[in-house]
Amino acid sequence: MTTTLLILKRGIIAGILLCCGFLAGWFSAIVLGGRIPYDGDIAALLGPGRAANQATPAELRTQFGVFWEVWNLVEGEFYHHSPLDRQKMIQGAIRGMLDSLGDRYTVYQEPDLATQTRDDMQGKMAGIGTYLRITDGHAFIYKPIKNSPALQAGLRQDDEIVSIDGDAVVPMIAGLDTTQAAVKIAGRLRGPAGTIVKLTLRRGDTGPFEATITRADIVVPSVDSQLLSQGLAYIRISEFKANTTSEFDTALRGLLPRKPRGIILDLRNNPGGFLQNAQDVLGRFYSGVALYEDKNGQSLEQLDTRPGGSDTRAYEIPLAVLVNNGSASASEIVAGALRDARANTFLIGDKTYGKGSVQNIHTLSDGGSARITIAHWLTPNKSEIHKLGILPQYFVPYAESPSDAVPCVADRQPPPGSSACADSQLASAIRLLDTGQPPPAITPTPAPAP
């Protein structure tokens, strides 16, 4: 046998032995649960899940193996005409994982919604400046923001948005839930300041009309304030955003020099927001414990108020706090802390929502966000809020009767033919601070926990 043939023969035998060794190792890894050392084309032949599973911590690889088994089955067998949307599959898996924890506040937000949420919580956005309402697969203007391009263009509440830049809205949001639809429409209405969006709208039974609107940078205020005729200061916080502290301080600097006899702090329908800004607001009313955080059920961490300058402190002025079932999270922290830790403070309205948990918000690599519950909040008296809410000292159901006439505050407008608004809760607060007359005692009807 020639030398060349001998070398060739030995090479073939070595190749066969190498392949056998590889296959034996691969088989033993499958049987014994060990690591499978392959990548590239071989991994592609065996399915993307198996290669991806190698990045999984060893102690979890068996459990994750089941996930990748299903992933490979979908990749290999699922009947479909269009290519599989792997991003949607991954996002669905993330949502399912967080849903399995049984905590409604531990959630995943997809990139578009996460971006809009981040912008909203900063108190600013670039767009036409309006809130939306989605009803029965149609999109409507809910409320244009004050001084916004939408308001300047004449858009009104309940105008239907028929098309955006020539694209019909109804098919655009077909099959989406209300949140997804609102995100989709908002994404089309927002854009860099100075750019133009063309809308077709319908108002009532009239025919469609066109509106060409130039987008702008819009600051969304979270604080409204005014001095009422009774010498009482009224301050409403719609949400605890990044700009709330500066707006609240501006309101106090305008009101305190006018020596108000009392302050009405309106937290109704305030869904919460940033804890730090809630601590700032509390620091304008007293110095001390703001809340406790229960992170593990065994120990409590004390968090204090965050005082501002001397020209923003209202420590001694009588205070009425308005709350209702829409008051949640950070607004419940503020209401509960003022009830527990500040003298001459009165809570008026309905029982609050009952969200006493705090979430860390993490921005993910895909631009989405994961909100993870890390603790429960307790009031300064160490009262639980979560699923219980806060019962006001004076329970006053909301009503709009003629006997409850009040000044029109914030963005409320009087009904046609009238110069005043009606609000039983605000009227009760005014009477209490102005004359000392408390609301009549009413026992609230128990409501199921959220």
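So, of the residues in the stretch 328-387 that are of a type in the set (Asp, Glu), touching a residue at least 60 places away in the same chain (Cβ under 8 Å) and within 30 Å of Ile442 (Cα to Cα), which turns out to be surrounded by the fewest Cβ atoms within 10 Å (Cβ to Cβ)? Among them, the one singled out is Asp350.
Give the stretch 304-335 a look and list any residue that's in a helix (DSSP H, G or I) and either more than 18 Å from Ser238 (Cβ to Cβ) or charged (D, E, K, R) (or both), or say none. Residues satisfying the conditions are Ser310, Asp311, Thr312, Glu332. The residues in the stretch 410-431 that are closer than 24 Å to Ile237 by Cβ and either modelled with pLDDT under 95 or in contact with a strand residue (DSSP E or B) (Cβ under 6 Å, 6 or more places away or on another chain) (or both) can be counted, and the count is 14. Under the condition of being in contact with a Ser or Thr (Cβ under 8 Å, 6 or more places away or on another chain) and assigned to a loop (DSSP other than H, G, I, E, B), the residues counted in the stretch 260-284 number 8. Restricting Ile161, Ile218 to those that are touching a Gly at 6+ places or on another chain (Cβ under 6 Å), more than 20 Å from Val409 (Cβ to Cβ) and not in a loop (DSSP other than H, G, I, E, B) reduces the list to Ile218. With respect to the conditions (1) in a loop (DSSP other than H, G, I, E, B); (2) over 26 Å from the mean Cα position of the chain (by Cα), Leu201 lacks only one, and its number is (1).
Of the strands (runs of 3 or more DSSP E) lying entirely inside the stretch 336-450, the ones with 1 or more residues being under 20 Å from Gln276 (Cα atoms) and touching a Lys or Arg at 6+ places or on another chain (Cβ under 9 Å) are found at 357-363, 369-378.
Considering Asp103, Asp120, the condition of being under 16 Å from the mean Cα position of the chain (by Cα), surrounded by 13 or more Cβ atoms within 10 Å (Cβ to Cβ) and within 30 Å of Asp217 (Cα to Cα) is satisfied by Asp120 alone. Among the residues of the stretch 168-182, some residue qualifies, meaning at least one is crowded, with 16+ Cβ neighbours inside 10 Å, part of a helix (DSSP H, G or I) and at pLDDT below 90. A count restricted to the stretch 221-248 and to residues that are part of a strand (DSSP E or B) and crowded, with 19+ Cβ neighbours inside 10 Å stands at 9. Please determine whether any residue of the stretch 307-326 is under 26 Å from Cys408 (Cα atoms), out of contact with any helix residue (DSSP H, G or I) (no Cβ under 8 Å at 6 or more places or on another chain), surrounded by fewer than 17 Cβ atoms within 10 Å (Cβ to Cβ) and not polar (S, T, N, Q). The answer is yes; a qualifying residue exists. Could you list, in sequence order, the residues of the stretch 251-273 that are closer than 19 Å to Asn360 by Cα and either crowded, with 18+ Cβ neighbours inside 10 Å or among the basic types (Lys, Arg) (or both)? Within the stretch 251-273, Gly272, Gly273 meet the criteria. The set of residues in the stretch 76-95 being over 22 Å from Ser365 (Cβ atoms) and either in contact (Cβ under 8 Å) with a residue 24 or more places away in the chain or among the charged types (D, E, K, R) (or both) consists of Gly76, Glu77.
When Asp294 is tested against (1) over 30 Å from Pro111 (Cβ atoms); (2) touching an Asp or Glu at 6+ places or on another chain (Cβ under 7 Å); (3) buried (at least 16 other Cβ atoms within 10 Å of the Cβ); (4) not small (Gly, Ala, Ser), just one condition goes unmet, and that condition is (2).
The values are calculated or read from the model by the stated rules, or taken from the named source; none is laboratory data. Given the structure is predicted, the values throughout are model-derived calculations rather than measurements. Because the Cβ atoms are built from the backbone with ideal geometry, glycine has one as well, and the counts that use them run over all protein chains shown.
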